Amino acid sequence: MGKGEKMTDWLLRSNEKRYYQFSRFLKERFGGRVSKIPLNAGFTCPNRDGTRGTGGCTYCSSLGSGDFGGDPSQSLLEQFAQMRQKVDAKWESIGYLAYFQANTNTYGSVEQLRRCFEPILAQDKVVGLSIATRADCLPQPVLDYLSQLARQTFLLVELGLQTIHDDTAQRINRCHSYEEFLTGFYALKKQGIPVCVHLINGLPGETREMMVESARQVGKLAPHSVKIHMLHLLRETPMAEQWLQTGFPLLEQEEYAQIVCDQLELLPPDTVIQRLTGDGDGSQLVAPQWTRNKKSVLASIDKELRRRDSMQGRRYTP
């Protein structure tokens, strides 16, 4: 991007996507393709062990979040070697971002976290860490340790918000409030740690206006990056059972694409978009079936942005 050039102008001039892709950010940051390596460190969640709740969020499988993480029966180094081999068979990468994906990866002592993160960080071509967690699992000793890591390497902390609406959060058994999310978000920001915020579209009881408002409020926080997912209903989850019994409405692909475009327009143009559709476990997916075709979903979003002649940040106001 040229000096003094607006981010929105740069997005249009680039002849690529009309939003700031994560792959593009990584290429600019590291000079080439960097691939994420998903890992499962065997952590649990305060929403499962009784600390905040039991059973987890109602959309979450019995294994917890992180369906594509490594096999927790293997050591982290074994997982990393295996997942790296799979990635290398697909792409030529100049480096790897180790992604601690499954469950709540700051839900332990600092010593536990050190034993997980630092051996992986020492592996060849690992350029940074991405750590998924909850905003209510960031005590001061953990924040201090994350701040130390951020001075040593590229670090992203991913916070699962899903919605700003507390009624929805209660309905899905999220077991923390938007206010608690803000406390965790600002604590990380105070430490200078980049944050990626997760949102889910299509949660039961939410209207299009509610989903868009979630993006509007997240945009005002100016996070480093955002992930937007479509709700997936997986076998043997409470939410899938609820849907089978009540048939609460699910978004269709065209409607989802329109909502995502509404949300993109409200996000800061320099916020990195890590994801615009989810990858549920296909063998466990109950609905919606259209989410299986990721390329088609992304093409629908691109098409809608072109139809509007719009882009990320078009309607953003700080």
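Below is a table of values for the structure above.
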item	result
Of the criteria (1) free of Cβ contacts under 8 Å to residues at least 40 places away in the same chain; (2) part of a loop (DSSP other than H, G, I, E, B), which one D279 fails	(1)
Residues of the stretch 193-209 classified as in a loop (DSSP other than H, G, I, E, B) and buried (at least 17 other Cβ atoms within 10 Å of the Cβ), total	6
Options E241, E236, E265: the member that is surrounded by 21 or more Cβ atoms within 10 Å (Cβ to Cβ) and acidic (D, E)	E265
From the options R216, R174, residue that is of a type in the set (D, E, K, R) and modelled with pLDDT of 95 or more	R216
Residue within the stretch 92-111 that is out of contact with any Phe, Trp or Tyr (no Cβ under 9 Å at 6 or more places or on another chain), buried (at least 21 other Cβ atoms within 10 Å of the Cβ) and over 19 Å from Q191 (Cα atoms) present	yes
Boolean, V226 is part of a helix (DSSP H, G or I), surrounded by 19 or more Cβ atoms within 10 Å (Cβ to Cβ) and modelled with pLDDT of 95 or more	no
Any pair with Cβ under 6 angstrom, 6 or more apart, that starts in the stretch 118-143 at a residue that is among the charged types (D, E, K, R) and ends at one that is surrounded by 12 or more Cβ atoms within 10 Å (Cβ to Cβ) and not in a loop (DSSP other than H, G, I, E, B)	K125/G95; K125/Y96; D136/E180
In the stretch 212-223, the residues that are closer than 16 Å to E255 by Cα and either polar (S, T, N, Q) or not in a helix (DSSP H, G or I) (or both)	none
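The values are calculated or read from the model by the stated rules, or taken from the named source; none is laboratory data. Remember, predicted model here, so these are calculated numbers, not experimental data. Heads up, the Cβs are rebuilt from the backbone with ideal geometry, glycines too, and the neighbour counts pull from every protein chain shown.
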